1. State the number of residues belonging to region 265-283 that are over 21 Å from D336 (Cβ atoms) and not hydrophobic (A, V, I, L, M, F, W, C).
2. Can you tell me which residue is modelled with the highest pLDDT among those in region 199-227 that are among the charged types (D, E, K, R) and part of a loop (DSSP other than H, G, I, E, B)?
3. I want to confirm something. Restricting to region 219-258 and keeping residues that are touching a helix residue (DSSP H, G or I) at 6+ places or on another chain (Cβ under 6 Å) and among the β-branched types (V, I, T), which single residue is nearest to R361 (Cα to Cα)?
4. Considering only region 179-192, state which residues are surrounded by fewer than 22 Cβ atoms within 10 Å (Cβ to Cβ) and either farther than 18 Å from L156 by Cα or in contact (Cβ under 8 Å) with a residue 40 or more places away in the chain (or both).
5. Residue under question is R245, and the condition is that it be of a type in the set (K, R), more than 30 Å from P181 (Cβ to Cβ) and under 19 Å from the mean Cα position of the chain (by Cα); does it hold?
6. Out of A321, A310, report the one residue that is within 16 Å of the ligand (Cβ to nearest atom), aliphatic (A, V, I, L, M), part of a helix (DSSP H, G or I) and farther than 30 Å from Y268 by Cβ.
7. Among the numbered criteria (1) within 30 Å of A86 (Cα to Cα); (2) within 15 Å of the ligand (Cβ to nearest atom), which one does E192 miss?
Amino acid sequence: MDLALTDEQRMIVDIVRRFVREEIVPLEDDLDPDADELPPEQLAKLVDKVKEMGLYGLDTPPEYGGPDINLVTRCLIAIECSQHRAGLYAPCYYAFGGARQAQLFEATDDQKNKYLYPMLEGKKRVFFGLSEPSGGSDPGRAIQTRAVRDGDDWVLNGTKLWISGADRADYGLLFARTGGPGRTGVTAFIVETQWPGFNVRRIVHTLRSAKYATEIQLEDLRVPHENILGEEGGGFAIANDRLSRQRVPYAAECLGVAIRAHEMAIEYSKIRETFGAPLSSRQGIQWMLVENEIDIRQARWLVMDGAAKADRGEPFRTESAIAKLVASEAAGRVVDRSMQIHGGLGVAKDLPLERWYRELRIRRVGEGPSEVQKHVIARDILGASLR
Ligand SMILES: Cc1cc2nc3c(=O)[nH]c(=O)nc-3n(C[C@H](O)[C@H](O)[C@H](O)COP(=O)(O)OP(=O)(O)OC[C@H]3O[C@@H](n4cnc5c(N)ncnc54)[C@H](O)[C@@H]3O)c2cc1C
């Protein structure tokens, strides 16, 4: 496989890299180390610049006004956009349009007018409500939130847990059981957070700085039938589709952080002296840097392989699971070693390393824990009958 970038990709990478280094990194000097948002007027200026670059709405298909780029290029951009302190969970503070709920592109025209377009214009925020207290690894079986038909409405009762940003959202995709046990009994609903019966509370901050995870209690929440997204009973396919697609750029974001942490460790090892010689002259340090380099190269290869297969229209579920697994775990190791090389400075909030260290730990759980990625890979290589 040829991993060389095309001229266009090289140009895009250069532009985005300069944007991150000149526009994003300097403004973090004046922000709280755990900030995940910018004041609206500051963000608006950055969004204008990204629009001038022609890269606004990264996850939006071209027919809806997004840039016409393939997944490999999307991943190259993700690798650049995460290379700042907030970059793992708030890449460029969402100046590139942030992550989209891909399923909404399959919505009816009425649903698009009411929900999709305001979201694309940045006027409405959205959450993704799949996980429940009964478990997030296997939501097809675990979902207990119940939706019962009542005339033109559905009445929803149940609890969702760990849902990112539902406290600040205007609406969300919420998955509830309309049929029997298993995947085909789950339906996706578009629900508005202002409706009676929708109760949300923040869970105390997790290791992650960006966005609160929330718990949603549904008490006789009435949802109009026309707010079903896709088919009744087709919710799990919708959820799964989103998770597979997101996994590759998600892995690329981990890789971006690893690359920057490694660069910082290399630079620091050359200027920091102990016992009369630079750290970089010590074999113990060199080996850490070599292990970083190998972790990064392996992860990069696997992320690009997954993206390239998706771009060729080939099945890429196994590749996306491998990319997510390897990149999230490799990035954790790279940041850990890079912190070690920085000594006390590594754990100080002056540098982004401590935030990346905390937030990368969540990357091994969110979007499917490492063990679930292995479960997916095993199922694919052994045959779909594995439970
Ligand atoms: C900060 C944060 C934000 C989140 N945001 C969202 C969100 O916006 N929307 C949403 O729907 N969910 C969200 N989640 C939930 C996340 O997707 C789940 O936490 C995750 O899928 C795991 O589910 P669980 O926590 O219920 O763990 P469980 O399903 O109970 O699993 C526990 C552990 O068991 C292990 N395990 C599971 N299955 C297997 C297996 N087959 N073989 C071996 N080991 C296994 C894994 O190590 C796993 O971590 C978020 C979570 C966090 C921490």
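The values are calculated or read from the model by the stated rules, or taken from the named source; none is laboratory data. Model, not experiment: these values are computed from the prediction. Here Cβ is always computed from backbone atoms with ideal geometry, including for glycine, and neighbour counts include all displayed protein chains.
1. 4
2. Of region 199-227, the ones among the charged types (D, E, K, R) are 201-202, 208, 211, 215, 219-220, 222, 226.
Subset that is part of a loop (DSSP other than H, G, I, E, B): 208, 211.
On the way: R208: 85, K211: 74.
Out of the qualifying residues, it is R208.
3. V257
4. Filtering region 179-192 down to residues surrounded by fewer than 22 Cβ atoms within 10 Å (Cβ to Cβ) leaves 179-185, 192.
Result: G179, P181, G182, R183, T184, G185.
5. Working: of a type in the set (K, R): yes; more than 30 Å from P181 (Cβ to Cβ): no; under 19 Å from the mean Cα position of the chain (by Cα): yes.
Criteria not met by R245.
6. Details: A310 fails: within 16 Å of the ligand (Cβ to nearest atom).
The conditions single out A321.
7. Checking E192 against (1) within 30 Å of A86 (Cα to Cα); (2) within 15 Å of the ligand (Cβ to nearest atom), the one that fails is (2).
Matching residues to (1) over 21 Å from M264 (Cβ atoms); (2) aromatic (F, W, Y):
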position: V334; (1), (2): no, no
position: H342; (1), (2): no, no
position: D350; (1), (2): no, no
position: L353; (1), (2): no, no
position: Y357; (1), (2): no, yes
position: R361; (1), (2): no, no
position: S370; (1), (2): yes, no
position: Q373; (1), (2): yes, no
